Each structure stands twice: as C-alpha cells, then as structure tokens.
C-alpha cells in the first residue's frame, strides 16, 4: 500500500533518514518509534510531499508520491503541531478543508461527532485547548475516507479522556481497512494499536516486526522492555527492509 524504497533525506551534511526500505501493507497499522530526531517525522512528511527525498522514493499503490497531488489524493495526514487561522470555528475549518479535498459537506458533521467535537463545532478554535485542536486536525485528516492515514503523535497534548477516544478511533479506522502509519512516543498506545513496529535510531531502522517477534529478538516481555534493549542495541544498518 505505502512503500519506501531506498528513501534517504539529508539536510546538508546532516542525515535525517538513510537507506530506508519500509512497507505498510493494506489495512495494517505500522508504528514508528524512536527518540526525537531519529527520522520518524521526516519519513511521514515524505509521504505527503512535504519532504523531497535526497535519494529513493515513496510509493502509494505503486505510484511515486512526488508525481503530483493526484498521487497523494488518498492520503490523510495529521502533523505534530496543528494550528488554524484566528476567528475560525471548528465547523468552518472542517468545511474549508472539505472543499479543498472535494469531499461531501455531509462528512463534516459525522467527523466532528467522531472526534468528540460535535458540541464545540460552533466555537472559535482560538479558545481550543491543544488537545481539542489536535482532535480537529484528526477529523480533517479523515475527510474523504483516506486509504492511508499518516499520524504524527496523534495523542500529543491530549488529556486521558481524549487520548483514549483517539486510540479507540484509530483502532476502528484500522479495523475498517485503512492503512495507518503512526509515529508515537506512547508505547502503551503503540502496543494497543500496532500490527508491526519499526524502531528508529539515528535515521535508520534498527529493528522491526510484530511485538511478539521483537520480544523474541530482545529476549524481553512488553514493548517498553523491548525498546530499552533494541533502541540502544547494535548499531542500525542501512537498507533494512520491513515488508
């Protein structure tokens, strides 16, 4: 469904991501975990055309995403930081992005309800908490029923109630057949949602697989224990293929 082939991104002499071969299958939830600066967000941004590869390419259904907007039409993206123009209500923001994406206005009310903002739809987003803005961003990412959903820290700034709502929603979306590529520092969230996990270190994948496979490799139980062992384990290698 979405595949990185030899993907690399450098900023001058700084390597952000190097030699990445990674694939998320149709209907799978693949989680990217690792320390800040390890290349996870860059990997997501490349899929939506916000980052141009230095080498390699990113394919969705076999089509290079750098060919143009039509190659990215089936993607939904939630960035780490979400902001909206001053004086805009949640409903107006949703309708604006629905028009941009050519999505039916009927989707707006359904998605506001789904992300828990139906009662706040008429409020100006200036007064929203960080968590409410993030949930609105998730609703926008879901416009048009994307085939691939890219989520960068979807539980960031959320209180426990909001985090559980978003976790349940991501689980439902995956169960509906959407491919989800998820970056998260919340290992409990990853454990609950991910079919497979890729551990990033210094811009490369150091280990990947199902949690059971990673447990076997690390000789440890639970994702936290696995991460402690593998994230700081042997030096990551170039060209690791997670497929």
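The values are calculated or read from the model by the stated rules, or taken from the named source; none is laboratory data. Here the structure is a predicted model, which is why all the values come from computation and not from measurement. Methodologically, a virtual Cβ is constructed for each residue, glycine included, from the backbone with ideal geometry; neighbour enumeration extends over all protein chains shown.
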So is residue 180 within 20 Å of residue 226 (Cβ to Cβ) and in contact (Cβ under 8 Å) with a residue 60 or more places away in the chain or not?
no
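Being part of a helix (DSSP H, G or I) and within 14 Å of the chain's Cα centre (by Cα) narrows it down to one residue among 224, 213, 172, 189; which is it? Give the derivation first.
Details: 224 fails: within 14 Å of the chain's Cα centre (by Cα); 213 fails: within 14 Å of the chain's Cα centre (by Cα); 172 fails: within 14 Å of the chain's Cα centre (by Cα).
Testing whether each residue is part of a helix (DSSP H, G or I) and within 14 Å of the chain's Cα centre (by Cα) leaves just 189.
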Would you call residue 135 free of Cβ contacts under 8 Å to residues at least 40 places away in the same chain, under 30 Å from residue 94 (Cβ atoms) and surrounded by 21 or more Cβ atoms within 10 Å (Cβ to Cβ)?
yes
Can you tell me which residue in region 185-199 is surrounded by the fewest Cβ atoms within 10 Å (Cβ to Cβ), limited to those that are closer than 25 Å to residue 18 by Cβ and out of contact with any strand residue (DSSP E or B) (no Cβ under 6 Å at 6 or more places or on another chain)?
185
Positions within region 139-157 being modelled with pLDDT of 90 or more and part of a loop (DSSP other than H, G, I, E, B), in sequence order:
142, 143, 144, 145, 146, 147, 153, 154
Please tell me if residue 136 is at pLDDT 95 or above and touching a helix residue (DSSP H, G or I) at 6+ places or on another chain (Cβ under 7 Å).
yes
Name the residues in region 218-231 that are exposed (fewer than 15 other Cβ atoms within 10 Å of the Cβ) and over 16 Å from residue 188 (Cα atoms), would you?
219
So for region 93-111 (the condition being surrounded by fewer than 21 Cβ atoms within 10 Å (Cβ to Cβ), over 14 Å from the mean Cα position of the chain (by Cα), modelled with pLDDT of 95 or more and on the phi > 0 side of the Ramachandran plot), does at least one residue qualify?
no
For residues that are under 19 Å from the mean Cα position of the chain (by Cα) and either under 11 Å from residue 3 (Cα atoms) or touching a residue at least 60 places away in the same chain (Cβ under 8 Å) (or both), tally how many sit in region 54-72.
7
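Conditions (1) outside any strand (DSSP E or B); (2) surrounded by fewer than 22 Cβ atoms within 10 Å (Cβ to Cβ); (3) modelled with pLDDT of 95 or more, marked per residue:
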residue: 5; (1), (2), (3): no, yes, yes
residue: 19; (1), (2), (3): no, yes, no
residue: 27; (1), (2), (3): yes, yes, no
residue: 32; (1), (2), (3): no, no, yes
residue: 37; (1), (2), (3): yes, yes, no
residue: 44; (1), (2), (3): yes, no, yes
residue: 50; (1), (2), (3): yes, yes, no
residue: 56; (1), (2), (3): no, yes, yes
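Scan region 192-208 and give yes if some residue there is in a helix (DSSP H, G or I) and either under 30 Å from residue 128 (Cβ atoms) or touching a helix residue (DSSP H, G or I) at 6+ places or on another chain (Cβ under 7 Å) (or both), otherwise no. Walk me through how you get there before you give the answer.
Start the filter on region 192-208 by keeping residues that are in a helix (DSSP H, G or I), which leaves 192-193.
Filter once more, keeping what is either under 30 Å from residue 128 (Cβ atoms) or touching a helix residue (DSSP H, G or I) at 6+ places or on another chain (Cβ under 7 Å) (or both): 192-193.
Yes, region 192-208 contains a residue that is in a helix (DSSP H, G or I) and either under 30 Å from residue 128 (Cβ atoms) or touching a helix residue (DSSP H, G or I) at 6+ places or on another chain (Cβ under 7 Å) (or both).
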